[in-house]
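Below is one structure, written out as C-alpha cells, with a few remarks after it.
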Amino acid sequence: MNEIDFTRRTALVGAAALAGGLAAPVLAASAGQLFSWQKLQALALDLARRPYVAPPPPPSGASAVTYDALNSIAYKAEATVWPNSPTPIRFFPLNRYAHTPVTISLVENGRARAFDFRRDLFTGAGHLPADVAGFSGFRVMAPGGKSDWLAFQGASYFRTSGALDQYGLSARGLAVDTGLGRPEEFPRFSHFWIEQGPGNAVTVYALLDSPSVAGAWRFINRHTAAGATQDVSFVATLRQDVERLGVAPLTSMFWYGEGNREKAIDWRPEIHDSDGLAMLTGAGERIWRPLDNPPHPITNSFADRDPKGFALLQRDRNFDHYQDDGVFYEKRPSLWVEPLGPWGQGSVTLFELPTRGETEDNIVAFWTPAAPARRGMRYQLDYRLRWIANEPQPTVARAVDCWRGVAGRPGTEPIPDATRLVVDFTGPNLTGLDRSSGVEAMVSLSAGKPISTAAYPVVGATNRWRLIVDVPHKSGQTTDLRAYLKRGDTALTETLLYQFL
C-alpha cells in the first residue's frame with residue numbers, strides 16, 4: 001500500500017460523507033483519565049439526551065490539501081505509536097475530503113490520554129496550510145510498517161485490506177435515511193480511543209454523533225493470513241425519529257460486469273469492488289443477488305427474522321476478467337456481517353445508484369429493523385465483520401457467472417419483448433449429476449411465467465450446471481426472478497434473485 005493510501009474514490013466518499021457539517025462536538029479525554037467501555041456508553045447516553053451541536057466550520061486551508069498533496073504527505077515512521085507491537089498506529093491529517101478534526105486518545109492500563117496533533121509528525125508538512133491542525137483519522141500498520149490493514153477516516157467510515165492486501169469496499173457505523181430520494185444523514189465518529197489487545201488485537205472505541213443519533217461503538221480488530229475480523233458492539237440512542245435506520249452498513253462500487261456489458265465503455269472487461277449481495281436467512285436459505293448499475297436509484301428490501309448473515313462479495317477472483325494490473329479488482333475483499341445474537345424481525349436493504357465511473361461508490365447494503373425507529377429508542381447490538389477472500393463454505397452450489405442477452409434460440413430471430421438470463425452454478429454437491437439425475441429448475445417471476453427454461457451440466461466442466469431462462473420483459477418495467485436447482489426435495493443451489501429493469 002502507499003504511504004498515504006488515499007484513492008480518488010475514497011476522496012469522493014469522504015467529501016459526500018462530510019458535506020453539510022454533520023459533525024459532533026469534540027469531547028477530549030484529559031491525560032490519565034479513567035476509561036472503560038461502560039464509561040463510554042454512559043457518555044454517549046448523556047450526549048444523546050442533549051441537543052445536537054455541530055462542530056465549528058472546517059479550516060479554510062483544508063481545501064488546499066488535495067489528492068495530489070495528500071500523496072506527498074506522510075506520517076513519520078519514527079513517530080509511530082506502539083512501533084514494536086503487532087498493531088502500530090499512524091494518523092491522517094485533515095484534508096479537502098475529510099476536513100473535520102477527530103479527537104484521538106490512547107488507552108493504557110485503563111487510563112486514556114489525548115494524542116495531540118503536531119505538524120512535525122508529518123513529512124512534507126509544507127503542504128499543510130497554517131490553519132490545518134488536526135487529525136482526520138488513523139490507520140493500523142502491519143508489523144514492520146510497510147503497509148496498513150485497517151483505517152478509520154471520514155464520517156463513520158472504516159475499512160480493511162482483507163486477506164489479499166487490497167482495499168476495496170467500506171463499512172460504517174450507522175446509516176440514516178439512505179435511499180429515500182433526499183440527502184441522507186452521515187453520523188460521525190467524533191472521538192476515538194485506541195487500546196492494544198486483547199492478545200494481538202487492537203481495540204478501537206468510538207463516540208458517534210449526528211442530529212438524529214448518538215452512541216458508543218467498540219471494535220475488536222484482528223488480522224491474520226485469512227483476512228481481518230472485527231467484533232463490533234454498539235449502543236445508540238435516537239434523538240429524533242428516523243425513517244430508515246441502517247445497521248452494519250456496507251458501501252461498495254459496481255460499474256459493470258459480465259451481466260451488463262452495455263455499460264462497459266472502458267477497455268477493461270469488468271470493473272467492480274463487489275459483484276453480489278449474499279444472504280444467509282434465519283431459516284438457513286442461502287440467497288445470491290447479483291449487483292447492478294441501474295438506470296435510476298432503486299431500493300430492494302429482503303424481509304427476514306434473526307438473519308444468520310449478509311455480505312457484499314467479490315466472488316470473481318479471475319485477473320483475466322478485469323485485466324487491471326494497477327488496482328487489482330480481483331483482490332478486493334468480501335465482507336460478511338454475522339449477527340452475534342438474535343436481531344429480530346427486519347430486512348436486508350440493498351440500495352443501488354447509477355454510476356458512470358469507478359470513483360463513485362453506488363452500492364449500499366444494511367439491516368433495517370422492522371419496528372419504526374422513534375425518538376428515544378435505544379439499540380444495543382453485536383456482530384462480527386469478516387473481511388475475507390473467500391466466503392464461508394456453502395452447503396449448496398453457488399452462482400458464479402450470470403449473463404444477459406436477447407431471448408430465443410441462437411441462429412433464429414430474437415423473441416420480442418423478452419430477455420435471456422444464463423446462470424452457471426458450481427459446487428461439489430453437483431458431482432456426478434447428469435441429465436438423467438432428476439435435476440429440476442425452479443423458476444418463478446413477479447409477473448407472468450417464463451417463456452422457456454432449461455438446466456443441464458456444462459460440457460467439459462466439473463461440478464458446473466447451467467440454467468437458461470427466457471423471461472418476458474419490456475423495457476422500462478420491473479420483473480423479479482427467483483430461481484434455484486433442486487433434486488427431489490433437496491435444494492442443490494443457492495437461490496438466485498435477479499431483477500430486470
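The values are calculated or read from the model by the stated rules, or taken from the named source; none is laboratory data. This one's a predicted model, so the numbers in the text were calculated from it and none came from an experiment. In this analysis, Cβ positions are derived from the backbone assuming ideal geometry, glycine residues included, and neighbour counts consider all displayed protein chains.
Criterion first (aromatic (Phe, Trp, Tyr), outside any strand (DSSP E or B) and either more than 22 Å from Leu481 (Cα to Cα) or at pLDDT 95 or above (or both)) does Trp403 satisfy it? For Trp403, the condition - aromatic (Phe, Trp, Tyr), outside any strand (DSSP E or B) and either more than 22 Å from Leu481 (Cα to Cα) or at pLDDT 95 or above (or both) - is not met. Each residue in the stretch 16-37 was checked for being more than 28 Å from the chain's Cα centre (by Cα), at pLDDT 95 or above and either surrounded by fewer than 19 Cβ atoms within 10 Å (Cβ to Cβ) or under 17 Å from Phe189 (Cα atoms) (or both), and 2 of them qualify. Go through the stretch 80-101 and give me each residue that's part of a strand (DSSP E or B) and of a type in the set (Lys, Arg). Selection gives Arg90 alone.
Considering the stretch 134-145, and only residues there that are touching a residue at least 40 places away in the same chain (Cβ under 8 Å) and not in a strand (DSSP E or B), the residue that is nearest to Leu174 (Cα to Cα) turns out to be Gly134. Exactly one residue out of Asp316, Asp320, Asp324 is over 18 Å from the mean Cα position of the chain (by Cα) and surrounded by 16 or more Cβ atoms within 10 Å (Cβ to Cβ), and it is Asp324.
Exactly one residue out of Arg286, Arg239 is at pLDDT 95 or above, among the charged types (D, E, K, R), touching a helix residue (DSSP H, G or I) at 6+ places or on another chain (Cβ under 7 Å) and over 30 Å from Ile89 (Cβ atoms), and it is Arg239. Taken over the stretch 381-407, the criterion of being crowded, with 20+ Cβ neighbours inside 10 Å and among the aromatic types (Phe, Trp, Tyr) is satisfied by Tyr383, Trp387. Looking across the stretch 104-156 at every residue that is more than 20 Å from Pro333 (Cα to Cα) and among the acidic types (Asp, Glu), the one that is surrounded by the fewest Cβ atoms within 10 Å (Cβ to Cβ) is identified as Asp120.
Considering the stretch 223-236, and only residues there that are surrounded by fewer than 19 Cβ atoms within 10 Å (Cβ to Cβ) and not small (Gly, Ala, Ser), the residue that is modelled with the highest pLDDT turns out to be Asp231.
In the list Pro93, Pro101, Pro88, which residue meets the criterion of being under 31 Å from the mean Cα position of the chain (by Cα), under 20 Å from Gln230 (Cβ atoms) and not β-branched (Val, Ile, Thr)? From the options Pro93, Pro101, Pro88, the qualifying one is Pro88. Among the residues of the stretch 329-369, those that are at pLDDT 95 or above and basic (Lys, Arg) comprise Lys331, Arg332.
Set side by side, the residues Leu70, Leu40 differ, and just one is aliphatic (A, V, I, L, M), farther than 28 Å from Gly376 by Cα and touching a Phe, Trp or Tyr at 6+ places or on another chain (Cβ under 6 Å), which is Leu70. In the stretch 115-133 there is no residue matching the filter, namely being touching a residue at least 12 places away in the same chain (Cβ under 8 Å) and closer than 18 Å to Leu208 by Cβ.
Per-residue answers, yes or no, for (1) outside the structural domain of Ile265 (by TED's automatic domain parsing); (2) in contact with a Cys (Cβ under 6 Å, 6 or more places away or on another chain); (3) over 15 Å from Ala248 (Cβ atoms):
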site: Tyr322; (1), (2), (3): no, no, yes
site: Glu330; (1), (2), (3): no, no, yes
site: Val337; (1), (2), (3): no, no, no
site: Trp343; (1), (2), (3): no, no, no
site: Gly376; (1), (2), (3): no, no, yes
site: Cys402; (1), (2), (3): yes, no, yes
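Filter the stretch 408-433 for residues that are under 22 Å from Thr495 (Cβ atoms) and in contact (Cβ under 8 Å) with a residue 40 or more places away in the chain and give the result. Matches in the stretch 408-433: Thr419, Arg420, Leu421, Val422, Val423, Asp424, Phe425, Gly427, Asn429, Leu430, Leu433. Restricted to the stretch 156-270, the set of strands (runs of 3 or more DSSP E) holding at least 1 residues that are assigned by TED's automatic domain parsing to the domain that holds Asp324 and of a type in the set (A, V, I, L, M) comprises 170-172, 174-176, 188-196, 202-209, 213-224, 227-238, 245-252.
Scanning the stretch 349-374 for residues that are farther than 13 Å from Met253 by Cβ and of a type in the set (Lys, Arg) turns up just one, Arg374.
A quick yes/no check of all residues on (1) under 22 Å from Asp316 (Cα atoms); (2) crowded, with 16+ Cβ neighbours inside 10 Å; (3) charged (D, E, K, R):
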| position | (1), (2), (3) |
| --- | --- |
| Arg409 | no, no, yes |
| Thr412 | no, no, no |
| Asp424 | yes, yes, yes |
| Ser444 | no, no, no |
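In this structure, is Ala455 assigned by TED's automatic domain parsing to the domain that holds Trp403, of a type in the set (A, V, I, L, M) and out of contact with any Asp or Glu (no Cβ under 8 Å at 6 or more places or on another chain)? No.
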